[in-house]
Amino acid sequence: MFVDRHDAGVRLAERLRGLVGAESAVVLGVPRGGVPVAFEVARALDTPLDVIVVRKLGVPFQPEIGFGALGEGGVRVINHDVVRRADLTQAEMAVVEERERAELVRRARRFRGDRAPMDLAGRTVIVVDDGLATGGTARAACQVARARGASRVVLAVPVGAPDAVAGLCEVADEVVCLQTPDYFHAIGAWYVDFTQTTDEQVVELLRRAASFGADAPTWPDRGSPRCGRRLC
């Protein structure tokens, strides 16, 4: 078990250190719980840290099934196979997209203010979350990172359901997961402290990470394993 998300991030960084060069790399935390983990990875690798704000587009009558994803900068990824199988109309898709786009803008502004997302073109992007259950959000994050120009996408998580981890090889060049327990019930079961991360904590961690990496953004001053699994 991991003590908390920061402990998980330290352990994950140890696993990534020999796999990912710091040059041209950027770490993206999936808000909210993935950001404390990503903070420790970015600090250990001395790479810039940002958030990757994504919204999964769920099928209206079965929202756990995603027909696509939205990302900042107008990125829109659609799974046409799901759209066809679900027999979705353009009108139905538009309703979902409008709602999720508004929420994406709200969250991005909350975490980053008026600052633009970090440029990912031609870079190695390490997408970090605190764990994988179904993998839907991580899948969307990897797809959005790729659509924003990432040359290599590495998904890194402390723990995940085996099926979800294996399935994400479809969208990531490499998946690094420290623990893939056979009996996986919930992400929080693998942490001693799995207290919910707040928006304020995300903002503060991004501010503290301002010195990470050569081209880290300047943030406004608001005061003061059991075994490693490498897939794909």
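Computed from the coordinates by the stated procedures, all read-outs in this text should not be read as laboratory data. For clarity, every value in this text was computed on a predicted model and none was experimentally measured. No Cβ is skipped: glycine too gets one built from the backbone with ideal geometry, and neighbour counts run over all protein chains shown.
Numbers at a glance
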| item | result |
| --- | --- |
| Relative contact order (percent, whole number), the stretch 113-196, Cα cutoff 8 Å, 6+ residue spacing | 29 |
| Phi to ³J(HN,Hα) by Karplus 6.51 cos²θ - 1.76 cosθ + 1.60 over the stretch 104-110, Hz, x for Gly, Pro | 4, 4, 4, 5, 4, 5, 5 |
| Dipole magnitude (debye, nearest 20) for the stretch 45-116, charges at Cβ of Lys, Arg, Asp, Glu | 220 |
| Gain on full stretching of the segment that runs from Arg115 to Arg207 - 0.36 nm per residue minus C-alpha separation | 31.9 nm |
| 11 Å beta-carbon shell around Gly66, net charge (K/R +1, D/E -1) | +1 |
| Unit charges on C-beta of K, R, D, E only; dipole of the stretch 105-189, Debye | 680 |
| Percent of beta bridges antiparallel (DSSP, the chain, rounded to nearest 5) | 40 |
| Cut-off 15 Å between beta-carbons: net charge of the residues surrounding Val77, Lys and Arg +1, Asp and Glu -1 | +2 |
| Spin-label pair Glu98/Asp182, simplified geometry with 7 Å Cα→Cβ offset, distance in nm | 5.1 |
| MRE, 222 nm, helices only [DSSP H, n ≥ 4, -39500 (n - 2.57), over the chain, to nearest 500] | -11000 deg cm²/dmol |
| The stretch 7-128: relative contact order in percent, alpha carbon pairs under 8 Å with at least 6 residues between | 29 |
| Residue-wise HN-Hα coupling along the stretch 84-98, computed from phi with Karplus coefficients 6.51, -1.76, 1.60 (Hz; x: Gly, Pro) | 5, 5, 7, 6, 7, 8, 4, 5, 5, 5, 5, 4, 5, 5, 4 |
| Cα-centre dipole for the chain with unit charges at Cβ (Lys and Arg positive, Asp and Glu negative), debye to 20 | 220 |
